[in-house]
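The next block holds one structure in the form of structure tokens; read it before the comments.
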Amino acid sequence: LIVNGEKAEDEEDSKPSASFSDDAVAKKTLVEMYDSKKKRREEESQAVLKFNQKPAAGLKYAAERGHLDDDDPVDVARYLLQNKDIFEKAQIGEYLGREKEWQGGFALKVLRAYGEALDFKGMTFDEAIRYYLSGFRLPGEAQKIDRIMEVFAARYTDQNPTTFPTADSAFIL
């Protein structure tokens with residue numbers, strides 16, 4: 001478009017420069033997203049290493065990085081279930097089986113939330129117990145095993161009330 005002998009820009013000529021800046025912003029955003037994902041993966045990897053050495057330290061590290069709320073037993077249980085295939089199963093079992101007195105009963109609350117997060121409806125007893133134990137390895141201490149299995153028995157009988165008359169019956173089996 002020529003106005004008064006000089007070339008004037010029309011709206012279409014100005015769009016490519018705006019588009020160019022939009023592309024630059026989009027590329028910057030993609031780079032930021034990639035960097036953010038990379039950082040998150042590194043943090044998750046570090047949390048796994050720390051958890052496998054000392055579960056409480058790994059959970060604390062993950063909470064400090066915003067991966068979970070370590071004051072919420074339901075969120076900790078969700079995090080353990082979500083990472084059951086990458087955390088050492090023996091460490092998950094040790095954490096879930098902690099004494100009732102440890103941290104004011106927090107680990108017991110996590111254990112109960114862990115059990116509540118699982119769905120055993122319609123499963124036979126042996127299918128349900130295999131599913132339950134697939135997320136961790138039972139610790140060696142009898143009291144810890146009792147606590148863990150009591151939670152399973154209660155949850156199983158809640159969801160399958162016709163299989164056993166009481167949770168104690170399922171626990172004994």
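For the ranges 85-97, 124-136, what's the packing order if you count other beta-carbon atoms within 10 Å of each residue, average per peptide, and put the highest first?
Packing proxy ranking, top to bottom: 85-97, 124-136.
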- Residue (of W102, Y79, Q91) at the positive-pole extreme of region 48-173, dipole from beta-carbon charges: Q91
- Message: Quick check: net charge around D71, other residues with Cβ under 12 Å of its Cβ, Lys/Arg +1 and Asp/Glu -1?
- Response: -2
- Task: Could you work out how far apart the two model spin labels at E43 and A90 are, taking each label as a point 7 Å from the Cα in the direction of the beta carbon, and quote it in nm?
- Result: 3.0
- Within region 146-168, backbone nitrogen closer than 19 Å to the virtual label 7 Å beyond the Cα of E101 toward Cβ: 146-148
- Here FRET efficiency (C-beta to C-beta, D168 to N52, R₀ 35 Å, nearest 0.05) is 0.50
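All of the numbers you see were taken from the coordinates with simple rules; none came from a lab. This is a predicted model, so every value here is computed, not measured. Cβ atoms come from the backbone with ideal geometry, glycine included; neighbour counts cover every protein chain shown.
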